[in-house]
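Single-structure report; data block below.
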Ligand SMILES: [Zn+2]
């Protein structure tokens with residue numbers, strides 16, 4: 001019965017590869033073609049190197065309104081989050097400013113955080129931080145200006161009692177965003193912050 005239901009759901013909304021958008025057979029990961037192209041990173045705080053199908057997937061997810069990709073991409077992160085099992089009390093996403101969330105309709109880091117938290121058996125504290133400044137997109141800025149742009153952009157919000165946090169974002173380039181978010185978490189009483197992103201972009205690499 002469950003198989004039948006699953007089959008019907010697949011017919012209604014077939015799962016698509018986040019990288020190339022082709023319909024895939026069962027499963028939420030990249031298709032065979034994209035799987036051969038994605039690059040895992042040795043960086044312990046990231047799953048993939050930014051580029052190829054991973055960059056395409058993130059582009060679709062963030063800028064083409066494809067919020068449903070959050071579940072698939074978040075599940076990929078969850079698979080690689082094992083190193084933090086039993087070592088964090090909660091998963092907290094680096095949030096968008098409410099204006100940007102409203103225009104996009106969703107907050108991508110929050111969608112990624114949910115499956116990771118579920119896999120680790122800890123709460124996803126989606127309102128742990130809040131973005132107090134609506135900063136220009138980091139993507140449009142030279143690397144040297146990113147730190148200045150993002151400094152003080154986050155503030156602690158609802159963090160009561162959390163000591164160890166896994167901080168989630170989609171992409172890390174200079175680490176300026178994660179750094180600013182970590183600072184806010186520490187200001188809110190968190191003693192240990194680990195950053196975890198879907199993709200790490202190498203400095204100087206084109207967007
Ligand atoms: Zn694909």
### Task
For the stretch 89-104, enumerate the residues that are closer than 28 Å to residue 137 by Cβ and in contact (Cβ under 8 Å) with a residue 24 or more places away in the chain.
90, 91, 92, 93, 94, 95, 96, 97, 98, 99, 100, 104
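Going through the stretch 105-125 one residue at a time, which ones are in a loop (DSSP other than H, G, I, E, B) and crowded, with 20+ Cβ neighbours inside 10 Å? Lay out the reasoning, then the answer.
As a first pass, look at the stretch 105-125 and keep what is in a loop (DSSP other than H, G, I, E, B): 105-107, 121-123, 125.
Once the filter is applied, which keeps residues that are in a loop (DSSP other than H, G, I, E, B) and crowded, with 20+ Cβ neighbours inside 10 Å, the stretch 105-125 yields 107, 122, 125.
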### Among residues of the stretch 39-57, those that are touching a strand residue (DSSP E or B) at 6+ places or on another chain (Cβ under 6 Å) and either in a loop (DSSP other than H, G, I, E, B) or within 14 Å of the ligand (Cβ to nearest atom) (or both), counted
7
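Restricting attention to the stretch 1-35, report how many residues are more than 9 Å from the ligand (Cβ to nearest atom), at pLDDT 80 or above and either at positive phi or crowded, with 16+ Cβ neighbours inside 10 Å (or both). Don't jump to the end; show me each part of the working.
Taking the stretch 1-35 as the starting set, the residues that turn out to be more than 9 Å from the ligand (Cβ to nearest atom) are 1-15, 23, 25-29.
This time we only want the ones that are at pLDDT 80 or above, so: 15, 23, 29.
Then keep just the ones that are either at positive phi or crowded, with 16+ Cβ neighbours inside 10 Å (or both); that gives 15, 29.
The number of residues fulfilling the criteria is 2.
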### Residue that is surrounded by fewer than 22 Cβ atoms within 10 Å (Cβ to Cβ) and either out of contact with any strand residue (DSSP E or B) (no Cβ under 9 Å at 6 or more places or on another chain) or within 18 Å of residue 192 (Cα to Cα) (or both), where the choices are 179, 128, 70
179
### Message
I'd like to know if the stretch 187-203 contains one or more residues that are assigned to a helix (DSSP H, G or I), surrounded by fewer than 22 Cβ atoms within 10 Å (Cβ to Cβ) and modelled with pLDDT of 95 or more.
### Response
yes
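The values are calculated or read from the model by the stated rules, or taken from the named source; none is laboratory data. Since the model is a prediction, treat every value here as computed from it, not as a measurement. Positions of Cβ are backbone-derived with ideal geometry, glycine not excepted, and every protein chain shown enters the neighbour counts.
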